[in-house]
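One structure is given here, and the rest of the page talks about it.
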Amino acid sequence: MTDAPEAYVIIAYGDRLGYHYSAIFAALLISAYKGDASPIVIYTDRPELFRNYPFQIVPITLQQISDWSLEGRYWFRIKNRVMHDVLGRGFERVLYIDSDIAFTGNPNIDIGRVTPGRAVLFRNEGAVNRSPKSHYRGLAGLPKNLFADDGLVLSPSAPLWSSAVMGLHRDMRASVDCADRVIRGLLGKIDSHTLEQFALGVALARNHQVVPSFGSFSIFSTSRTKAFARRRMFEFFQRNHAAPFDVQMAEAKRLRLRQPIGKMVVGRLLELKAGPDPDFSMLA
C-alpha cells in the first residue's frame, strides 16, 4: 500500500534487453517532465537493470509471466494483470505507458484527467469491424449470452481503444477484471492480438466515460522507427549510464528519437531493413 495518490507504470520483461532500456529511457523522460514526487512503478523480471534509478520496482517471476500470459498463449494479458495489481496498491490514479512511447511533455495532462467516472486510453482506432478482414466480425456469431454475467453484449461495431497509454482510477479495478474475463472468453474464438485493448475498452464503457490521451509523445512502434530509436538509446546509455540521475534526465530530454523525415522516406523507398537491436548486454 502507499500514501502516494498517483503513479506512473511501465512493464519490462523478456530476454530482449532493448525493451528494458526503452523502459528506463521512458521513465527518465517521465521523471524529467512530470515535476512532482509521484512514483514511477516498473514491473520487471530484471530488477538489477534498474538498481541505480529511483524508481519503485515490482519484481515479477517467470511463473507470474507464465500465469499472466496464459502459458504464453496471449502475452498482452500481462498488461491487464499488471493494472489489476497496481490498482490494488493504494494509488488513486495510475497512468500506464508502453515502453516504446516516450513523453515529450508533461504526463500530468493525462493523469490529471482521470476521475472515478473517466478513464484515459491512448486513442480510439475506430470500430473493430472497420476492415472487411477484421477477425472481430466473428463476434456476431458468438452466443449473445457469452458475457451475460458481466452485462455485456459484444458488438462488432464497438470501438477499439489503443492501450499504449492507460489512465485508470482505482474504482476501475472491477472493470480491469471484467476485461480479463472477456480476454479469456474470446481467446481461441477471435484470432486477434488486440484482445486486451478491445476487452478493456468495452469493460470500461459499461460504467465509465473513455476519453483519448492529450499527452505529447514520441512514438517508435514500427520496426523501422523502433530500430532507429533503439540505436539512439544505446548510444545514449553508452555515454550516460554512469552519470547522475539529474544529468541523465536532462540529456534524455535532448535526445532525438525519430529519424529525419528525409532519411525515413529514402529508407522506405529503398526498402532498407530495420536491422537487429544493438547489443544492450554490453551495458548490463
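So here's what we get for this one:
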{"quantity": "Residue check for residue 51: in contact (Cβ under 8 Å) with a residue 24 or more places away in the chain and surrounded by fewer than 22 Cβ atoms within 10 Å (Cβ to Cβ)", "calculated": "no"}
{"quantity": "Yes/no for residue 70 being open to solvent by less than 30 Å² (accessible area, probe 1.4 Å) and within 30 Å of residue 189 (Cα to Cα)", "calculated": "yes"}
{"quantity": "Subset tally (residues that are among the acidic types (Asp, Glu) and either at pLDDT 85 or above or closer than 23 Å to residue 35 by Cα (or both)) for the stretch 228-284", "calculated": "4"}
{"quantity": "Failed condition for residue 94, given (1) open to solvent by 10 Å² or more (accessible area, probe 1.4 Å); (2) of a type outside the set (S, T, N, Q); (3) touching a helix residue (DSSP H, G or I) at 6+ places or on another chain (Cβ under 7 Å)", "calculated": "(1)"}
{"quantity": "Where residue 85 falls short, out of the listed (1) touching a residue at least 24 places away in the same chain (Cβ under 8 Å); (2) charged (D, E, K, R); (3) on the phi > 0 side of the Ramachandran plot", "calculated": "(3)"}
{"quantity": "Given (1) under 30 Å from residue 246 (Cβ atoms); (2) aromatic (Phe, Trp, Tyr); (3) open to solvent by 20 Å² or more (accessible area, probe 1.4 Å), number of the condition residue 75 does not satisfy", "calculated": "(1)"}
{"quantity": "Single condition residue 42 does not satisfy, out of (1) in contact (Cβ under 8 Å) with a residue 60 or more places away in the chain; (2) within 23 Å of residue 278 (Cβ to Cβ)", "calculated": "(1)"}
{"quantity": "Residue in the stretch 111-145 that is most open to solvent (accessible area, probe 1.4 Å), counting only those that are touching a residue at least 24 places away in the same chain (Cβ under 8 Å) and part of a helix (DSSP H, G or I)", "calculated": "135"}
{"quantity": "Pair list, Cβ under 8 Å, 6 or more apart: the stretch 15-28 residue on the phi < 0 side of the Ramachandran plot and open to solvent by 10 Å² or more (accessible area, probe 1.4 Å), other residue polar (S, T, N, Q) and in a helix (DSSP H, G or I)", "calculated": "17/281"}
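The values are calculated or read from the model by the stated rules, or taken from the named source; none is laboratory data. The structure displayed is predicted, hence computed values, not measured ones. Neighbour counts run over all protein chains shown; Cβ positions are idealised from the backbone, glycine included. We work out accessible area using only protein heavy atoms, side chains counted, and drop any ligands, DNA or RNA first. Shrake-Rupley method; radii C 1.70, N 1.55, O 1.52, S 1.80 Å.
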